[in-house]
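Just below is one structure, and these are the notes that go with it.
The values are calculated or read from the model by the stated rules, or taken from the named source; none is laboratory data. Keep in mind it's a predicted model, so treat the numbers as computed, not measured. Heads up, the Cβs are rebuilt from the backbone with ideal geometry, glycines too, and the neighbour counts pull from every protein chain shown. Note: accessible area is taken over every heavy atom of the protein model, side chains too, but ligands, DNA and RNA are not part of it. Shrake-Rupley method; radii C 1.70, N 1.55, O 1.52, S 1.80 Å.
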Amino acid sequence: MRKQRSSSSSSSMAITKLTAFLTISFFFVLTLLSTLSQAKSSSPPLVTEIKQQNQNQDNQPFVGVNIGVDVSNLLSPSDLVSFLQFQKIDHIRLYDADPDILKALAKTKIRVIISVPNNQLLAIGSSNTTAAAWIGRNVVAYYPETLITGIAVGDEVLTTVPSSAPLLLPAIQSLYNALVAANLHTKIMVSTPHAASIILDPFPPSQSFFNQSLTQVVLPLLQFLSKTGSPLMMNFYPYYVFMQNKGVVPLDNALFRPLTPSKEMVDPNTLLHYTNVLDAMIDAAYFSMKNLNITDVVVLVTESGWPSKGDSKEPYATVDNADTYNSNLIKHVFDRSGTPLHPETTSSVYIYELFNEDLRSPPVSEANWGLFYGNTTPVYLLHVSGSGSFLANDTTNQTYCIAMDGVDPKTLQAALDWACGPGRANCSEIQPGEDCYSPNNVKSHASYAFDSYYQKEGKAAGSCDFKGVAIITTTDPSHGSCIFPGSKKVTNKTRQVVNSTQVSGAAERLKFIGLSRNGISGVSKELVIFFLLVLSSLLFFPFMTPPC
């Protein structure tokens, strides 16, 4: 049997140890809380690095879209902005300064170039007061809640309204001076979009030059762009280059398709190889500027695209070619490979255009440049997988083929019979007793059969047509236990398990965030509790009298 300490001695020792441990624990907690407070007050290196990356992203090349408004039943401004956000489109160009759209864009991350219509050049170019009023009304009233990044003054003025050419630079300078007065000149650029035709002899690029009859306007304009750090805005359409040079320019070269070395265009003066027409057009602009001793202005492509439909005179205006061009254009920009002359500089591009402007006058192609119809269904499926999150209109499981509203039931039945028969769609789920039999009507059954065929064909262009009675949608048509072939949905049982896991994970994240906002992270708070418990055990358990 171990010898017991006397009660007075053990009590004295207990008090001494208790005092020591309380002192140690007190200083330990103070030190830990001080460290946490310092950590809170200073940004960790990772946070700083992320902020820097986000700032640098503003200078990265991007793909935006032009938005024309000659569209039947155009979306309301709020619906338009929601659609842009859904499609991950964060750069747009307007052909005016629509106040309702600018209001709807407030507090979004969508950056917008607004425009001065050609018919307003005279007033703005003739009066600094008018220019200042325009800036106040269309820029200052919305910025910075609405992220206006640029002003496009007119559109192809030198070629479409040459009589207004003398007013172009004065209008630009007056607007710029108004931005200076509002202290916005470093935030918002001012330039003007040009037609490609102002550049003569565009190939080979090294021999190109600006139309000399325009030099008295172009040179001071370029000097202004150089001085203010603004881009040269160019509307470049390889489609028209190909149409005007059939037999000389290969279609594959216009569409960014891979070429054999023998088919690549080679500049004989620089020996640079051009695998696509757009790069050649951009370099032609750089060489033209160099001929005027301007070498520090970048090219911004404010329009480029390919029509999906045309009349008999435009046989290459097809869905397949439009899909190929715009898909490859997006990939080309996001590859950030630059041009043969300037591989270090990739031009940003605005696709012409977001919607088919069905109210445009002939030719037919004028109404068919859009990526989407006015009702937001895609005209074709862009193949942009691997190019970031830009555009949900992709060959992912986000598009479906369904029957159009208002179609005659007999016509739908004929299309349904073809899909389930010669089309070899899997129609088992719309048989009596199966999950998609109800509702038992031809439109519902046709939608399932159409989507089955569409998914089976890999969402290929033209696989959602059925003689004009089907449309593509980004809304999942699944309902109840009826899951459409292209749906991401899974069985109810599996979905419940997934959802419960997601809720649990979300709850943990919220718990962590809540603790962090109080200055102590969830992990750090638990450490404090743990150490206090350890100290408590050390303080009290050693002084308990052991059994004999």
Just checking, which of 270, 215, 260, 275 is touching a Ser or Thr at 6+ places or on another chain (Cβ under 9 Å) and either surrounded by fewer than 20 Cβ atoms within 10 Å (Cβ to Cβ) or in contact (Cβ under 8 Å) with a residue 12 or more places away in the chain (or both)?
270
Here the residues within segment 311-352 that are outside any loop (DSSP other than H, G, I, E, B) and among the hydrophobic types (A, V, I, L, M, F, W, C) are 319, 322, 329, 330, 333, 334, 349, 351
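Being touching a strand residue (DSSP E or B) at 6+ places or on another chain (Cβ under 8 Å) and among the aromatic types (Phe, Trp, Tyr) is the filter here, so list the residues in segment 285-311 that pass it.
The first filter runs over segment 285-311 and keeps only residues touching a strand residue (DSSP E or B) at 6+ places or on another chain (Cβ under 8 Å), leaving 285-289, 291-292, 297-305.
Result: 286, 287.
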How about segment 119-140: which of its residues are open to solvent by 40 Å² or more (accessible area, probe 1.4 Å) and of a type in the set (A, V, I, L, M, F, W, C)?
122, 123, 132, 133, 140
When every residue in segment 317-359 that is touching a helix residue (DSSP H, G or I) at 6+ places or on another chain (Cβ under 8 Å) and among the charged types (D, E, K, R) is compared, the one most open to solvent (accessible area, probe 1.4 Å) is 358
Among (1) under 28 Å from the mean Cα position of the chain (by Cα); (2) under 25 Å from residue 121 (Cβ atoms), where does residue 238 come up short?
(2)
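Please go through segment 463-473 and give me each residue that is under 26 Å from the mean Cα position of the chain (by Cα) and open to solvent by 40 Å² or more (accessible area, probe 1.4 Å), ordered by number. Full working, then the answer.
Here is the first cut: in segment 463-473, the residues under 26 Å from the mean Cα position of the chain (by Cα) are 464, 471-473.
Residue satisfying the conditions is 471 alone.
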Starting from segment 353-371, take each residue that is in a loop (DSSP other than H, G, I, E, B) and list its partners that are of a type in the set (Ser, Thr, Tyr), counting only C-beta distances under 7 angstrom and pairs at least six apart or across chains.
356/373; 358/72; 359/72; 368/308; 369/352
Note down all Cβ pairs under 6 Å where the first residue falls in segment 426-437 and is under 8 Å from residue 448 (Cα atoms), the second is open to solvent by 60 Å² or more (accessible area, probe 1.4 Å) and of a type in the set (Phe, Trp, Tyr), and they're at least six residues apart or on different chains.
430/437
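Yes/no matrix, rows are residues, columns are (1) in a loop (DSSP other than H, G, I, E, B); (2) farther than 30 Å from residue 163 by Cα; (3) at pLDDT 95 or above:
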residue	(1), (2), (3)
59	yes, yes, no
65	no, no, yes
96	yes, no, yes
100	no, yes, yes
109	yes, yes, no
114	no, no, yes
124	no, no, yes
134	no, no, yes
137	no, no, yes
Subset of segment 152-182 [of a type in the set (Val, Ile, Thr), in contact (Cβ under 8 Å) with a residue 40 or more places away in the chain, outside any helix (DSSP H, G or I) and open to solvent by less than 40 Å² (accessible area, probe 1.4 Å)]:
none
Suppose the filter is open to solvent by less than 10 Å² (accessible area, probe 1.4 Å) and either among the aromatic types (Phe, Trp, Tyr) or under 20 Å from residue 234 (Cα atoms) (or both); does residue 116 pass it?
yes
Between a first residue in segment 293-317 that is over 30 Å from residue 111 (Cα atoms) and a second residue that is open to solvent by 60 Å² or more (accessible area, probe 1.4 Å) and of a type in the set (Phe, Trp, Tyr), which pairs have beta carbons less than 8 Å apart while being 6 or more apart in sequence or on different chains?
310/316
Applying the selection to segment 293-310, what residues are open to solvent by less than 40 Å² (accessible area, probe 1.4 Å) and either of a type in the set (A, V, I, L, M) or not in a loop (DSSP other than H, G, I, E, B) (or both)?
294, 297, 299, 300, 301, 302, 303, 304
Identity of the residue in segment 67-95, free of Cβ contacts under 8 Å to residues at least 60 places away in the same chain and hydroxyl-bearing (Ser, Thr, Tyr), that ends up least open to solvent (accessible area, probe 1.4 Å):
76
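Among the residues of segment 421-436, are any in a loop (DSSP other than H, G, I, E, B), out of contact with any helix residue (DSSP H, G or I) (no Cβ under 6 Å at 6 or more places or on another chain) and hydroxyl-bearing (Ser, Thr, Tyr)?
Filtering segment 421-436 for residues in a loop (DSSP other than H, G, I, E, B) gives 421-427, 431-436.
Subsequent filtering for residues that are out of contact with any helix residue (DSSP H, G or I) (no Cβ under 6 Å at 6 or more places or on another chain) retains 421-422, 424, 431-434.
Add one more test, that the residue is hydroxyl-bearing (Ser, Thr, Tyr), and what stays is none.
Taking every residue of segment 421-436 in turn, none turns out to be in a loop (DSSP other than H, G, I, E, B), out of contact with any helix residue (DSSP H, G or I) (no Cβ under 6 Å at 6 or more places or on another chain) and hydroxyl-bearing (Ser, Thr, Tyr).
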